[in-house]
Each structure stands twice: as structure tokens, then as C-alpha cells.
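Report on the following structure.
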Amino acid sequence: MSDSEISDEDNTENFIENPTRELLAEGLLSLFTPIVENLDSKVKQTVLVQLNINAQLDILSSVIKDQINKQNKQDTSEFDIALRNLNAIKSKVTVITNVLHSSSSSKFIVSNIMETPSYSHLTSNDYNHVYEPAEDTFLLIDALEQDLSSIQASKPLLTLEIGSGSGIVISALAKYLTHQTHGFYAVDINNYACNATKRTAIANNVNVETINMDMLTAFKYNSIDLLIFNPPYVPTSTSLSTCEDKEPRATVEQEKFYDIEADTIFVKDNQEKMLIKSWAGGDDDGCQVINRVLGELDNILAPNGVFYLLLIKDNNPEKIRKRLKSFGYNSIQIIDRKIRGEHLLVLKIFKNLL
Amino acid sequence: MKLLTYNFLTSKCIKKVKVGYPLKLNIMEQKVESTNFNPEFIQRVLPRLDWSAIKIAADSVGCQGFPDEINLETSTNDTELLQKLHHLLLEIEVVTGSLICPETNRIFPITNGIPNMLLNEDEV
Ligand SMILES: C[S@@+](CC[C@H](N)C(=O)[O-])C[C@H]1O[C@@H](n2cnc3c(N)ncnc32)[C@H](O)[C@@H]1O
């Protein structure tokens, strides 16, 4: 075939092999990055607005309660005023909901360019059982993305996420690490989360082996090259238990009850217990689950293994880093972000100097 | 559950269990999904395989021709063996079945491809 006969198709193939494609992709990415960042901050603003609405709605509901009480006393003029207030707030909510809607849909388009895994297959019903991706989730993904070249260079054979929930963090990583199609693992103590993780992996066309397990208790020692964990990190003073754990008692008709003596919340429904387990970090600065992993780290990580751990400032990361140092691990904070009342951060933990 | 995963699972977490490895494997439903052969991945995974578990896995799915012992030095260049391992470890998905503790016979069910390795509080 002579040069002049090269068809469009052939040209396209050449283009795919062509190094200029890399350059072009880089250029495009640098074009998109400011847009994405801009959008990101807009979405954050809107989220703040949404929180504001929530607060307003709370006030509203207490106003309504007051009104109902007063109405019972037949005070109708005040009720009218409250009704007007209610309508005003309602229209505000509608406007802001619309804004939120358009901003999140445009973010969705852009995030597809950035290859955040899609998780639109998960519904609000799923989130009655599984931790819904939130700021902590996205910070962890951002941390991994930021560290991608060093992760690629270290060539992890087995990558495992503890507590994968919806599965978007491990799916994101499996998507980013394009040279590798196997060796991605997810464990979660919540069976529903395991199924969600599997569905997310399939929806994103990646292989993630999913195991329903408490931590890595049934995994062979020293196998994990790259470990990831967004743990239940919220400090909670009380412990948690299902009703089955205790003698049946009269109060069990309620969904939940609080036993002052034992300082324990008893929950009737196992799924609800699982949801609470997805965020409640217990006492000790919310480190009950975190400390379990740290204590087992020497058994979990393969030689030269690396661990990315998401924390909040309340967990006292300096204390955690000192503890890690005492058993021979280096750690650096690679990213942090302040959101609402939470100051989130990600530690990168490793034995040898990289 | 892929059979590579089977290589990494133990029942050592059960109270009084000494080794808990290799688990017995009972397959009720399986499917085969072909994926691209990446020899480097298999080469790198080789030293982490426990050959006693690999033999059990191969027997359970009727894959033949695996040696009784593995010689790491010669195996890395044995393309035929690497390809066989690729098929056994990465292409066969156990959809339904169970893993069984070799010492206590505690059953860990596999449903929808997900092994359930959870234990009750009184078992740990
Ligand atoms: C904060 S959520 C994170 C979910 C998901 N990785 C994300 O970033 O959106 C914590 C997850 O850890 C799981 N989990 C809690 N305790 C666990 C344990 N002991 N073993 C395994 N998973 C656990 C919870 O079920 C939950 O899915």
C-alpha cells in the first residue's frame, strides 16, 4: 500500500501510537485542571449552603412544633406569620437545590475526565446499608492520585483496601494503575458493603477481589504491598452493641436504647449497627479501629509495604506517628483538607526511606 | 473469588487453630472469565504461592499437569507453567461454594463470589 492510500482508520491507529498523543493529553489535562479545581471549590461552597439550609430547616421544624403547640391554644395570627416564614424558606430551598443539582451534574462530567470511578449504580437505598462516599473518601482518592507516580514506581503486587464500603477508592486505584489488571483486594466487615464494592468494580470494568472479613484476620501474614484504609474515625464516647448481644428486655421494642450503666447504645437492627460501625471510632480519640490496624501492621504489610491511612486531627495524628516511629515506621502527612468541623488528612506510612 | 485469593486465605483466626492452612475448598458453582496473560504478574506472584494450596485448587477445578513441587528458578521461565497458573489463579471465578477450616471443619460460605470469613465472638 502506498502512503497516499493510508485510510483514515490507519491514521487514527498511528495517532494512538504517536507520542504526541501523550503531549496532547498532558496539555488537555493542564487545561482541565483549573476548571476542575474551580468547580470543586464551587461544589464545596454549595455544600456549605446546603448545610446552612439544613440548619434553617431545623429551626423551621422547631418553629412548626411551637406553632402546633400554640395553635392548640387557638392563636391563629402567629400561625399565619409562621406559615409565611415557612413558604419563604421553602422557596430558598428550591433555588439552592437547583443550584446544587446543576453543579453536581457538571462536576460529574468533569470528574469523568479525571477518571473518578462511576458509582451512579448505587442508590439511596444502598446508602441505608453502606457508607456513602463523602469528603473523606474523595480526599483519600486525591491523596492516592497525587502519589500515583511513586505508587507506580513501587509496583505493588497486592493492593488491599480495608473497609472498602462503596468500593470507589479501590476501584479508582485499579483504574489509575493501568499497567496492572490483577492483585486488587477489598475487605469489609459489612456484607452489604462487600456486594456494593463488587458492583462498583464491575461497573468500572476493573478486577477487585472482595472478602467479607474483620480486618485481615483471615489473610496470610505479610502479603500486602499497598494498604489503604479510610477507617471509622469519629470519636464516640459510648460503645455500641446489638440487642441480641444482651438478654432480651422490655425496652427492646424501641429501635435503639441507651443503657446508662453500661454506657452502651443497643441497636436492634444489625444493618443499623453496621452503618454506625462505618464511622464510629469509639473512645481513645476515635482510634479503636485504627489502633487495631496499627498493632497488626507488622503482620499485614509485605517487606517494603506502604500504608495510606486517612485520619482527622481529633485522632491525634502526632501521637499516632510517634507510636509508629516506636515500632520502626516512618510516616508523612501527604495531604490535608478542612471541611466543616473536620480537619481531614492522609498519612503515608512505610518502613524504609523511599 | 478467584483462586489466587484462595492462596491467601487462612482460618488461623479461629480460637485454638494452629495453622489453619490450606483451607479445604468446595466449589458448587464456577465460571471462567478469560483475561490477558501478563507473565510478569505471575512471575512476581510465584514466590508468594503456597504450592500445597495451588495443588488443592488445581484438583478442585480439574486443572492437570501441575508439578508436585515448584522450583522457583526454573519456573519463572517456564511459559507453559506460567500460562497454566494464569488460567488457574486469575480466570476461574468461584461463584458459590465454601472454604473449610482443615482443623475444626468450620465452614466459611462463598456467595456471589464473596467469601464470608467472619467469626462469631465466641470463636475468636
Ligand atoms: C468511613 S467508611 C469508608 C468507606 C469507603 N472506603 C469510603 O472511603 O467511602 C469505613 C468502612 O470500614 C468498614 N469497617 C469498619 N470496621 C471494620 C473492620 N473491623 N473490618 C473491616 N471493615 C471495617 C465499615 O463497614 C465501612 O465500610
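The values are calculated or read from the model by the stated rules, or taken from the named source; none is laboratory data. Please read these numbers as outputs of a predicted model, since none were measured by experiment. So basically every Cβ, Gly included, is an ideal-geometry build from the backbone, and we count neighbours across all protein chains shown. Please note that ligands, DNA and RNA were not included when accessible areas were found on the heavy atoms of the full protein model with its side chains. Shrake-Rupley method; radii C 1.70, N 1.55, O 1.52, S 1.80 Å.
Miscellaneous remarks
- Every residue from region A:191-215 that is assigned to a helix (DSSP H, G or I), under 21 Å from A:LEU157 (Cα atoms) and more than 7 Å from chain B (Cβ to nearest Cβ): A:THR197, A:ALA201, A:ILE202
- Every test in (1) open to solvent by less than 20 Å² (accessible area, probe 1.4 Å); (2) in contact with a strand residue (DSSP E or B) (Cβ under 6 Å, 6 or more places away or on another chain) is passed by B:ILE27 save one, and that test is (1).
- Qualifying positions in region A:157-183 - at pLDDT 95 or above, hydroxyl-bearing (Ser, Thr, Tyr) and more than 11 Å from the ligand (Cβ to nearest atom): A:THR159
- Failed criterion for A:VAL169 (all others in (1) open to solvent by less than 10 Å² (accessible area, probe 1.4 Å); (2) more than 12 Å from chain B (Cβ to nearest Cβ); (3) farther than 18 Å from A:VAL130 by Cβ hold): (3)
- Yes/no for A:ALA186 being in contact with a Gly (Cβ under 8 Å, 6 or more places away or on another chain), more than 22 Å from A:LEU347 (Cβ to Cβ) and within 15 Å of the ligand (Cβ to nearest atom): no
- Top-ranked residue of region A:130-154 - restricted to ones that are touching a residue at least 60 places away in the same chain (Cβ under 8 Å), more than 8 Å from the ligand (Cβ to nearest atom) and in contact with a helix residue (DSSP H, G or I) (Cβ under 8 Å, 6 or more places away or on another chain), ranked as farthest from the other protein chains (Cβ to nearest Cβ): A:LEU144
- Taking region B:29-62 as the range and being assigned to a helix (DSSP H, G or I) and more than 12 Å from chain A (Cβ to nearest Cβ) as the test, the residues that pass are B:PRO39, B:TRP51, B:SER52, B:ILE54, B:LYS55, B:ILE56, B:ALA57, B:ALA58, B:ASP59, B:SER60, B:VAL61.
- Looking only at residues of region B:86-106 that are under 16 Å from the mean Cα position of the chain (by Cα) and away from every other protein chain (no Cβ under 12 Å), we find that the one that is nearest to B:ALA57 (Cα to Cα) is B:LEU88.
- Some residue of region B:85-99 being outside any loop (DSSP other than H, G, I, E, B), open to solvent by 50 Å² or more (accessible area, probe 1.4 Å) and within 21 Å of A:ASN207 (Cα to Cα): yes
- Leading residue by the ranking (farthest from the other protein chains (Cβ to nearest Cβ)) among those in region A:216-230 that are within 14 Å of the ligand (Cβ to nearest atom) and in a loop (DSSP other than H, G, I, E, B): A:ASN230
- Some residue of region B:106-122 being open to solvent by 30 Å² or more (accessible area, probe 1.4 Å), hydroxyl-bearing (Ser, Thr, Tyr) and under 17 Å from B:THR10 (Cβ atoms): no
- Applying the condition of being in contact with an Asp or Glu (Cβ under 6 Å, 6 or more places away or on another chain) and crowded, with 23+ Cβ neighbours inside 10 Å to region A:172-187 and asking which residue is nearest to the other protein chains (Cβ to nearest Cβ) yields A:TYR185.
- Residues located in region B:30-53, provided they are open to solvent by less than 40 Å² (accessible area, probe 1.4 Å) and small (Gly, Ala, Ser): B:ALA53
- Selection count where residues are more than 8 Å from chain A (Cβ to nearest Cβ) and either closer than 13 Å to B:GLU93 by Cα or loosely packed, with under 14 Cβ neighbours inside 10 Å (or both), scope region B:1-23: 6
- The one condition in (1) hydrophobic (A, V, I, L, M, F, W, C); (2) open to solvent by less than 30 Å² (accessible area, probe 1.4 Å); (3) without any contact (Cβ under 8 Å) to a residue 60 or more places away in the chain that B:ILE56 fails to fulfil: (2)
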